[in-house]
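See below for the structure under consideration.
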Amino acid sequence: MIRPFPGAVLHERSSVYQNFDSYEFQVRNPQTGRAERQMVKGEYRRLRYFLHKEDGSRDTSVSRVEYFENFKSAALAMGGEIKWEDSRELVFTIPREDGGVTWCRVEVSVGAGSTILIIIDEEPLEIKLEFGPDQMKAALDADGRIALYGILFDYDRATLQQASSKQLQGIVTLLHDHPDLRLEIQGHTDSDGSAAYNLQLSQRRAESVLNYLLLFGIDPSRLKSKGYGETMPVAPNDTAENKAKNRRVELVRLD
């Protein structure tokens, strides 16, 4: 999700990866405007990059402002949020489709042609639950619908991620076990981006799920797909956590 400055090359010997660690990021309090420290835990990376000229020497011609603007533009394009910026560092977050948030701190040494990125993939929310066929059937019988957070897509796309397989196979089993069951597959998004784009994205995602199910012999007449975009939120779109709740696939029982 977070790419280095164009042309920069990773220096592996001075880079670090930890499966789980913590880091204190500097953030700006939105109420007071003052600097605060926020502890974030998750998958940790410290990546160092060097920018080189064609002759192999360090390229020191790029200003800190240009570095920062490059990262800021990329982060904002992915629905990110700038948490802190001063003459020394840039801190931003990017929401992930799995319900988690990726944090990044950018530090630049212009004289050395060096960029250091501290990246933590914060743990996803607990709402990312997977339901078995029996649980889905019980919810459909009781409420007529169920929200699924275990169906994941590539960022800003309708491509199903491999991690979705378990939840999708649960739906396949559900439909095979209950041949009279008919479902509407609904796609829902958060409010990032335009309403028209979100409507179209949610429709494509719902269709991706439907097409997956058809691969396993489900009768097309039993399924319907429809995208609702941001029109049916289950939480306010005011925080990364609430937005993650709104990004979901729902199964709705058809009479």
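The values are calculated or read from the model by the stated rules, or taken from the named source; none is laboratory data. Remember, it's a predicted structure, so these values are computed and weren't measured experimentally. We place every Cβ from the backbone using ideal geometry, glycine too, and count neighbours over all the protein chains shown. For the accessible areas, the whole protein counts, side chains as well, though only heavy atoms, and no ligand, DNA or RNA atoms are used. Shrake-Rupley method; radii C 1.70, N 1.55, O 1.52, S 1.80 Å.
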Subject >> Net charge over other residues, Cβ less than 13 angstrom from the Cβ of GLY187 (K, R count +1; D, E count -1) >> reply: +1
Original post:
Do you know the Lys pair count in the chain for C-alpha distances under 14 Å, with sequence separation 8 or more or different chains?
Top reply: 4
Subject >> Charge tally in the Cβ shell below 13 Å around ARG204, where Lys, Arg are +1 and Asp, Glu are -1, ARG204 excluded >> reply: 0
**OP:** Before rounding to the nearest 500, sum -39500 (n - 2.57) across all DSSP H runs of length at least 4 in the chain and divide by the residue total; then give [θ] at 222 nm in deg cm²/dmol.
**Re:** -8000 deg cm²/dmol
Original post:
Roughly speaking, to the nearest percent, how much of the chain's 1.4 Å accessible area is carbon and sulfur?
Top reply: 48
Original post:
For the peptides 61-68, 89-96, what is the packing order when you average, over each peptide's residues, the other Cβ atoms within 10 Å and list the highest mean first?
Top reply: 89-96, 61-68
**OP:** Grab the other residues whose beta carbon is less than 10 angstrom from that of LEU254, score K and R as +1, D and E as -1, and report the net.
**Re:** +2
Original post:
Under a point spin-label approximation (7 Å from Cα along Cα-to-Cβ), what is the VAL16-ALA142 distance to one decimal in nm?
Top reply: 4.6
**OP:** Report, to the nearest 10°, how far helix 64-77 tilts away from the longest principal axis of the Cα atoms in the chain, using its own Cα long axis and a range of 0 to 90°.
**Re:** 0
**OP:** Take the Cβ-Cβ distance between SER87 and LEU215 as r, set R0 to 45 Å, and report the resulting FRET efficiency rounded to the nearest 0.05.
**Re:** 0.25
Original post:
Using a 1.4 angstrom probe with every protein chain in place, what is the largest-first accessible-area order of MET39, MET78, MET136?
Top reply: MET39, MET78, MET136
Subject >> Efficiency of FRET from Cβ geometry, GLU69 and GLU123, R₀ 41 Å, rounded to 0.05 >> reply: 0.85
**OP:** Report the one residue of THR102, GLN186, ALA158 whose Cα lies farthest in the direction of the positive end of the charge dipole of the stretch 61-212 (charges on C-beta: Lys and Arg +1, Asp and Glu -1; origin at the Cα centre).
**Re:** ALA158
